[in-house]
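The values are calculated or read from the model by the stated rules, or taken from the named source; none is laboratory data. Nothing here was measured: the structure is a model prediction, and the numbers come from that model. Virtual Cβ from ideal backbone geometry, glycine too; neighbours counted across all protein chains shown. Note: accessible area is taken over every heavy atom of the protein model, side chains too, but ligands, DNA and RNA are not part of it. Shrake-Rupley method; radii C 1.70, N 1.55, O 1.52, S 1.80 Å.
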Amino acid sequence: MDKILIRGGNKISGKVKVSGSKNAALPILFSSLLSDQKSNFKNVPILQDIRTTLKLLNSLGSDCQFDEKKNEVVMNPSRVNQYEAPYDLVRTMRASVLVLGPLLARYGKAKVSLPGGCAIGTRPINFHLDALEKLGAQILLENGYVIATSKRLKGNEIKFPFPSVGATENLMMAAVLAEGETVMRNCAREPEIVDLARALRSMGAVIEGEGSSTIHIQGKESLSGANYSVMGDRIEAGTFLSAAFITGGSVQTEGLSSEFLEAVLEKFETAGAEVIRNNDSIELRSKGKPLSTPIETGPYPGFPTDMQAQFMAVMSIAKGESVITETIFENRFMHVPELNRLGAEIHVQGNKAVVKGKEKLLGAPLTATDLRASASLVLGGLCAQGETVVNRVYHLDRGYENMEMKLRSLGADIERIK
Ligand code: EPZ
């Protein structure tokens with residue numbers, strides 16, 4: 001298993017190109033199942049989760065070609081003849097449940113392993129299933145699988161109990177082929193939802209209101225193939241800006257508009273950094289040690305839970321005490337004991353973590369537990385004195401394209417040990 005070795009202390013500075021967004025690319029790739037024509041997707045990041053998605057789509061009979069040099073995927077779903085997402089694939093990537101909406105809408109059947117809990121929480125999919133039933137699907141739970149069948153889905157009114165990202169995406173993909181109009185209320189408003197709507201529109205789908213909490217969809221009988229370039233990854237951008245802040249450097253990310261990261265940028269500013277916003281780039285200039293700043297995660301446009309661990313790493317060396325409140329997932333503090341191994345002083349009380357800023361961190365061997373936790377450990381290692389080794393880097397590889405190469409180009413002393 002690969003490890004990452006970091007000799008901390010270097011300032012992280014320079015320009016870095018943000019890759020395509022993982023969480024936008026995943027539903028967009030699944031949406032190719034809604035048509036029998038070829039789809040073409042650009043700016044697809046080379047990540048483990050993308051490979052898993054292509055493996056799943058291939059196993060359904062879709063022919064997927066990933067030109068990794070160009071970050072381009074061509075998908076030919078004309079021979080799809082399987083409708084099952086097996087346990088082994090769903091276990092490695094929960095987002096596999098996003099196959100449910102498209103398969104059901106296009107083929108009237110889908111069998112998808114129930115994802116079960118994961119390192120950050122129980123993460124049920126009841127909102128997805130209840131809403132699909134509202135569109136006329138019959139859902140059975142059998143032997144750990146969701147078995148869903150339907151005639152042509154019928155548009156309906158849906159109100160989500162919580163603005164779930166995945167449920168909103170699954171239902172958008174189901175409703176675009178349903179008969180009549182679907183009105184979805186209390187939808188997630190994340191930029192990745194907007195990106196999915198745009199990709200679906202490139203297939204001929206009729207959608208209005210994405211990015212607000214009410215989405216209207218007029219179902220079509222059929223859709224054409226997609227031709228779409230995936231948006232930049234806002235969490236990757238936020239992670240590199242955090243790297244500049246925690247090391248006292250200055251980084252400019254390119255390939256993402258600052259509007260998608262506003263909640264995070266405002267907190268960086270409260271913590272004393274200078275942030276320069278542009279249409280396609282964001283620059284963070286550290287102005288010395290960060291100042292303690294509280295955050296509370298929330299659905300977009302709130303502070304993203306996917307940046308909580310990285311912000312906590314920055315606060316671990318801030319002047320003063322910060323309270324970090326996690327409201328989306330019940331167990332997303334697994335990075336705390338690991339950051340404490342670097343000398344951070346963080347105490348968890350329920351869904352709050354109290355972070356007492358320390359003068360400095362000291363390198364140590366660490367173990368990553370999930371994707372964003374891994375990123376926070378790398379950040380800790382970049383600012384810690386001496387050597388830090390991060391084990392179980394496969395978590396990082398699920399969601400960051402070439403992270404150590406990009407950090408090296410920004411001045412980090414970091415290497416992968418095979
Ligand atoms: C998406 O997960 C992202 N994953 C996550 O990114 C992200 O942390 C999360 O949204 C929140 O922003 C992808 O886009 C692939 P949710 P998702 O449904 O869709 C509860 C990363 O690091 N809930 O919005 O699974 C759920 O348990 C990852 O890149 C139900 O109770 O998140 C959670 O507490 C990790 N029932 C809350 O809602 C349901 O049916 C929000 O989950 C669905 C969700």
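Return the only residue of Ser13, Ser78, Ser32, Ser21 being touching a residue at least 40 places away in the same chain (Cβ under 8 Å) and surrounded by fewer than 17 Cβ atoms within 10 Å (Cβ to Cβ). Give the steps one after another, and end with the answer.
Numbers: Ser13 fails: surrounded by fewer than 17 Cβ atoms within 10 Å (Cβ to Cβ); Ser32 fails: surrounded by fewer than 17 Cβ atoms within 10 Å (Cβ to Cβ); Ser21 fails: surrounded by fewer than 17 Cβ atoms within 10 Å (Cβ to Cβ).
Testing whether each residue is touching a residue at least 40 places away in the same chain (Cβ under 8 Å) and surrounded by fewer than 17 Cβ atoms within 10 Å (Cβ to Cβ) leaves just Ser78.
I'm trying to understand the selection: among the residues of the range 129-154, which are in a helix (DSSP H, G or I) and open to solvent by less than 40 Å² (accessible area, probe 1.4 Å)?
Leu129, Ala131, Leu132
So Glu338 ticks every box in (1) touching a helix residue (DSSP H, G or I) at 6+ places or on another chain (Cβ under 8 Å); (2) among the charged types (D, E, K, R); (3) within 14 Å of the ligand (Cβ to nearest atom) but one. Which box is left unticked?
Result: Glu338 fails condition (3) only.
So how many residues does the range 385-418 have that are more than 14 Å from Ser374 (Cβ to Cβ) and touching a Gly at 6+ places or on another chain (Cβ under 7 Å)?
So the count comes out to 6.
Only one of these conditions is not met by Ile282: (1) free of Cβ contacts under 8 Å to residues at least 24 places away in the same chain; (2) of a type in the set (A, V, I, L, M, F, W, C); (3) more than 16 Å from the ligand (Cβ to nearest atom). Which number is it?
Of the numbered conditions (1) free of Cβ contacts under 8 Å to residues at least 24 places away in the same chain; (2) of a type in the set (A, V, I, L, M, F, W, C); (3) more than 16 Å from the ligand (Cβ to nearest atom), the odd one out for Ile282 is (1).
Considering Ala205, Ala199, which residue is open to solvent by less than 40 Å² (accessible area, probe 1.4 Å) and within 16 Å of the ligand (Cβ to nearest atom)? Reasoning before the result, please.
Details: Ala205 fails: within 16 Å of the ligand (Cβ to nearest atom).
The match here is Ala199.
Of Glu169, Glu142, Glu133, which residue is away from the ligand (no atom under 14 Å from the Cβ) and charged (D, E, K, R)? Break it down stepwise before answering.
On the way: Glu169 fails: away from the ligand (no atom under 14 Å from the Cβ); Glu133 fails: away from the ligand (no atom under 14 Å from the Cβ).
Answer to the selection: Glu142.
Pro86: modelled with pLDDT under 95 and within 18 Å of the chain's Cα centre (by Cα), yes or no?
Working: modelled with pLDDT under 95: yes; within 18 Å of the chain's Cα centre (by Cα): no.
When the stated conditions are applied, Pro86 does not pass them.
Return a yes/no flag: does the range 228-243 have any residue that is open to solvent by 10 Å² or more (accessible area, probe 1.4 Å), away from the ligand (no atom under 15 Å from the Cβ) and touching a strand residue (DSSP E or B) at 6+ places or on another chain (Cβ under 9 Å).
yes
Can you confirm whether the range 94-106 contains a residue that is open to solvent by 10 Å² or more (accessible area, probe 1.4 Å), within 11 Å of the ligand (Cβ to nearest atom), of a type in the set (Lys, Arg) and part of a loop (DSSP other than H, G, I, E, B)?
No, the conditions are met nowhere in the range 94-106.
Just a yes or no: is a residue in the range 226-233 more than 23 Å from the chain's Cα centre (by Cα) and either under 13 Å from Ala24 (Cβ atoms) or charged (D, E, K, R) (or both)?
no
Kindly state which helices (runs of 4 or more DSSP H) lie completely within the range 293-386 and contain at least 2 residues that are surrounded by fewer than 23 Cβ atoms within 10 Å (Cβ to Cβ) and out of contact with any Lys or Arg (no Cβ under 6 Å at 6 or more places or on another chain). Lay out the reasoning, then the answer.
Working: elements: 308-315, 335-341, 371-383.
Once the helices (runs of 4 or more DSSP H) in the range 293-386 are filtered for at least 2 residues that are surrounded by fewer than 23 Cβ atoms within 10 Å (Cβ to Cβ) and out of contact with any Lys or Arg (no Cβ under 6 Å at 6 or more places or on another chain), what remains is 335-341.
Considering only the range 164-182, state which residues are part of a strand (DSSP E or B) and open to solvent by 10 Å² or more (accessible area, probe 1.4 Å).
Once the filter is applied, which keeps residues that are part of a strand (DSSP E or B) and open to solvent by 10 Å² or more (accessible area, probe 1.4 Å), the range 164-182 yields Glu179, Glu181.
Suppose we keep only residues that are open to solvent by less than 10 Å² (accessible area, probe 1.4 Å) and in contact with a strand residue (DSSP E or B) (Cβ under 8 Å, 6 or more places away or on another chain) within the range 387-411. Which one would you say is farthest from Glu236 (Cα to Cα)?
Result: Thr388.
Which numbered condition trips up Arg123, out of (1) within 9 Å of the ligand (Cβ to nearest atom); (2) at negative phi; (3) in contact (Cβ under 8 Å) with a residue 12 or more places away in the chain?
Tallying (1) within 9 Å of the ligand (Cβ to nearest atom); (2) at negative phi; (3) in contact (Cβ under 8 Å) with a residue 12 or more places away in the chain, Arg123 fails exactly one: (2).
Give me the pairs: first residue in the range 43-67 and open to solvent by 20 Å² or more (accessible area, probe 1.4 Å), second residue at pLDDT 95 or above and part of a strand (DSSP E or B), beta-carbon distance under 6 Å, and six or more apart or on different chains, which are they?
Going by the 6 Å Cβ cut-off, the qualifying pairs are Asn43/Gly20; Asn43/Ser229; Asn58/Cys64; Asp63/Asn76; Gln65/Val74; Phe66/Val73.
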